[in-house]
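Working notes, structure below.
The values are calculated or read from the model by the stated rules, or taken from the named source; none is laboratory data. These figures come from a predicted structure and were not determined experimentally. Here Cβ is always computed from backbone atoms with ideal geometry, including for glycine, and neighbour counts include all displayed protein chains. These accessible areas exclude ligands, DNA and RNA; they are computed on the full protein's heavy atoms, side chains included. Shrake-Rupley method; radii C 1.70, N 1.55, O 1.52, S 1.80 Å.
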Amino acid sequence: MPDPLGGFAYTWPFYACALIAYLVGSVPFGLLLTRISGGGDLRQLGSGNIGATNVLRTGKKGLAAATLALDGAKGAVAVLAAKNFGPDLAVIAAGSAVIGHVFPVWLKFRGGKGVATALGCVLAIAWPVGLCACATWLVVALLSRYSSLAGMLAVGSAPVFAWYLADPQRTELMIFLAVIVVLRHHSNIRRLLKGEESRIGEKQGASPNNSERSE
């Protein structure tokens, strides 16, 4: 049966791009930085998540900032590298990097919620959209102090901004990223509705329930 996408000589760059971006996105910086600093296994601390918000719950603001920057940077780097070979590969790299963060092969496919990596990808592939999404995160975080709500609204607003500031292809990418991020926050949504979600800066216990992780 013929390949509808074309022969392997044509499609291999797309597969290679997806794989490399996935591996870049799957690097668990929060977990690595916490271990290197002597803080133990981040998955056994706070909410159990590997993202910057959970690193912040350990009281290490510097490590949390570094985790946020590196999680965003890995998405941006994947996109910027792929961008040199065309817009199609940049879109593939963005989606693959976020999937890598959310489902990292190194951690048995149990990763973070994808907000920082998604925002890094959006900034790299459409910086006006990325700036608007980051501004949304900042405003919601300052007003509500809910990291999960800020993250969902920031990434969820990206398709709206992209509709006006980017092209259809990148708008479709933003929709894809928003769906992944919102689905990964299903437990946070339940807690927000119940009024049980923790706020930015609050510490949690040392034995997380893995089914109820926060970003």
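Here are the numbers for this structure:
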| quantity | calculated |
| --- | --- |
| Verdict on LEU107 being surrounded by 20 or more Cβ atoms within 10 Å (Cβ to Cβ) and on the phi < 0 side of the Ramachandran plot | no |
| Residues of the stretch 155-197 classified as part of a helix (DSSP H, G or I), under 16 Å from the mean Cα position of the chain (by Cα) and within 17 Å of VAL102 (Cα to Cα), total | 16 |
| Matching residues, the stretch 12-46, being open to solvent by 60 Å² or more (accessible area, probe 1.4 Å) and among the aliphatic types (A, V, I, L, M) | LEU19, ILE20, LEU23, LEU32, ILE36 |
| Selection count, the stretch 145-186, where residues are under 16 Å from ARG57 (Cβ atoms) and among the hydroxyl-bearing types (Ser, Thr, Tyr) | 3 |
| Filter pass, ALA76 being of a type in the set (A, V, I, L, M, F, W, C) and either open to solvent by 30 Å² or more (accessible area, probe 1.4 Å) or under 15 Å from ALA18 (Cα atoms) (or both) | yes |
| Evaluation of THR117 against (1) touching an Asp or Glu at 6+ places or on another chain (Cβ under 8 Å); (2) open to solvent by 10 Å² or more (accessible area, probe 1.4 Å); (3) among the polar types (S, T, N, Q) (one fails), failing number | (2) |
| Whichever residue in the stretch 47-69 is buried (at least 21 other Cβ atoms within 10 Å of the Cβ) and hydrophobic (A, V, I, L, M, F, W, C) and, among such residues, is modelled with the lowest pLDDT | LEU56 |
